[in-house]
1. Could you check, for region 91-104, whether at least one of its residues is surrounded by 22 or more Cβ atoms within 10 Å (Cβ to Cβ), touching a Phe, Trp or Tyr at 6+ places or on another chain (Cβ under 9 Å) and of a type outside the set (Phe, Trp, Tyr)?
2. Are any of the residues in region 138-156 in a loop (DSSP other than H, G, I, E, B), hydroxyl-bearing (Ser, Thr, Tyr) and in contact with a strand residue (DSSP E or B) (Cβ under 6 Å, 6 or more places away or on another chain)?
3. From Asp24, Asp20, which residue is at pLDDT below 95, touching a Lys or Arg at 6+ places or on another chain (Cβ under 6 Å) and assigned by TED's automatic domain parsing to the domain that holds Val128?
4. List the number of the failed condition for Pro160; all other conditions in (1) in contact (Cβ under 8 Å) with a residue 12 or more places away in the chain; (2) under 25 Å from Val357 (Cα atoms); (3) not small (Gly, Ala, Ser) hold.
5. Out of all the residues in region 142-152, is one or more more than 16 Å from the chain's Cα centre (by Cα) and either at pLDDT 95 or above or surrounded by 17 or more Cβ atoms within 10 Å (Cβ to Cβ) (or both)?
6. Taking Tyr181 as meeting all but one of (1) surrounded by 14 or more Cβ atoms within 10 Å (Cβ to Cβ); (2) assigned by TED's automatic domain parsing to the domain that holds His131, write down the number of the exception.
7. If the Cβ limit is 6 Å and pairs must be 6+ apart or interchain, which residue in region 110-121 that is outside the structural domain of Ile394 (by TED's automatic domain parsing) pairs with which residue that is buried (at least 24 other Cβ atoms within 10 Å of the Cβ) and of a type in the set (Phe, Trp, Tyr)?
8. Taking interchain pairs and intrachain pairs at least six residues apart, which have beta carbon atoms under 6 angstrom, with the first residue in region 323-351 and hydroxyl-bearing (Ser, Thr, Tyr) and modelled with pLDDT of 95 or more and the second surrounded by fewer than 20 Cβ atoms within 10 Å (Cβ to Cβ) and outside any loop (DSSP other than H, G, I, E, B)?
Amino acid sequence: MKVALIGAGSVAFSRRLVIDLMADAGVTPDAIALMDVDEARLEVIGRYAQRLIDERGTGTELEVTTDTRAAVTGADYVVMSIRVGGSAPRPADIGIPLKYGVDQSVGDTIGPGGIFQGLRNAPALLAVADHMRAVAPRGIILQHSNPMAINCWLMSIARPDIPHYGLCHSVQGTSKQLAGYMDVPYEELDYWVAGINHMSWFLRLERHGEDLYPLLRQRMEDQEIFAKDTVRFEILRHFGYFVTESTTHMSEYTPWFRDRREIMDEFGLKSRDMEKLDFRWDALAQKIEEELASDNSLPATRSHEFTVQIIEAIESDTPTQVNVSVPNTGLISNLPAGCAVEVPCMADGRGVHPCYVGALPPQLAALNESNIRSQALAVQAALHGDRDALHQAIMLDPLTGAVLSLRETRAMVDEMLEAQREWLPQFA
């Protein structure tokens, strides 16, 4: 069994993945391919992976390459973690909108920054699928790249013959946070989560069959707890359910939290620190080098990422439940057909099987749709280089619409297009 990681220069994720793959229990790959266009980052993660393989004594064959086609050749699982252009486009993603008054917290999911990241990634995603048709006909894509919903929707339209699943860690991370807020043992928490990536909802939150939402609402009134998750608790207060993505992220998917400085201050929200972005790679690389220089064995603890859970469920035919972004084939009945929804899925030796959810509470469906309508136009823009669709996608973004006029939005998008021309071949 071969696993290929495309975008291995995303070293934080790559480090977690290779640790998960080399963990003591479970299914160990016969081969791992690490691919990235950044040779310096690739060299670092390549040395780390080889050290793990040597320490575990698995005999796993390691390939480190800048050639996408070579990496995916014969792969059973192609794990995607890409950001075309690396950090170079980020000043345009974040800085240009900020100049116009659109203050994004992260800018990788929706809004100007998220949509432009989707535009940049689209050609690379399609190219990987095309290579797989030729040299990995049985392979499936496990997608971790943002903007997740846009990427997954685009692939389901343009390359429907390539099995493709979007994976995130927000469900796992949020469930652990909720257990902490309520002082409930995590292993006793039971939940059912569905919606769209980065805006899924804990539709059921229970312990031994008891509804935990009354307890969560009670804990929310503790100002110390509220301060840890201001936006998500405020959404819970007004819409009745807890959302999967962080306060920082959720603040930029809606029109209510980032349109005025006094509101941002009230909810403890900050602007994106662009200088911190510049030093993130250095800090991660230093951490890896310190681990490699140590005489201690490298970490062997499995993370909560769904990637290896799915691989092991398929390879060993051991059923497991995960949350995955897949096309909406009636799974959530009051969200648009074909959009990318994040729903519970069962994985086993026959593959990944999405579960039927039914209708979301109408207020939650409306919040999801406020992002979906922008995603739909972003997919059209990414596939066809459609400038009108791009302008309209960002005009319909909730945060942008709360701050800018239509003419101001058009001017901002045009400036971003000009600044990122080298990464957007579909708009040439």
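1. Looking through region 91-104, at least one residue is surrounded by 22 or more Cβ atoms within 10 Å (Cβ to Cβ), touching a Phe, Trp or Tyr at 6+ places or on another chain (Cβ under 9 Å) and of a type outside the set (Phe, Trp, Tyr).
2. yes
3. Of the residues listed, the single one that is at pLDDT below 95, touching a Lys or Arg at 6+ places or on another chain (Cβ under 6 Å) and assigned by TED's automatic domain parsing to the domain that holds Val128 is Asp20.
4. Among (1) in contact (Cβ under 8 Å) with a residue 12 or more places away in the chain; (2) under 25 Å from Val357 (Cα atoms); (3) not small (Gly, Ala, Ser), the lone unmet condition for Pro160 is (1).
5. Scanning region 142-152, I find no residue that is more than 16 Å from the chain's Cα centre (by Cα) and either at pLDDT 95 or above or surrounded by 17 or more Cβ atoms within 10 Å (Cβ to Cβ) (or both), so the answer is no.
6. Failing condition for Tyr181: (2).
7. Ile110/Tyr253
8. These pairs meet every condition: Ser333/Gly358.
The values are calculated or read from the model by the stated rules, or taken from the named source; none is laboratory data. Keep in mind the model is a prediction, meaning the values are calculated, not measured. Cβ sites come from the backbone with ideal geometry, for glycine too, and all protein chains shown count toward neighbours.
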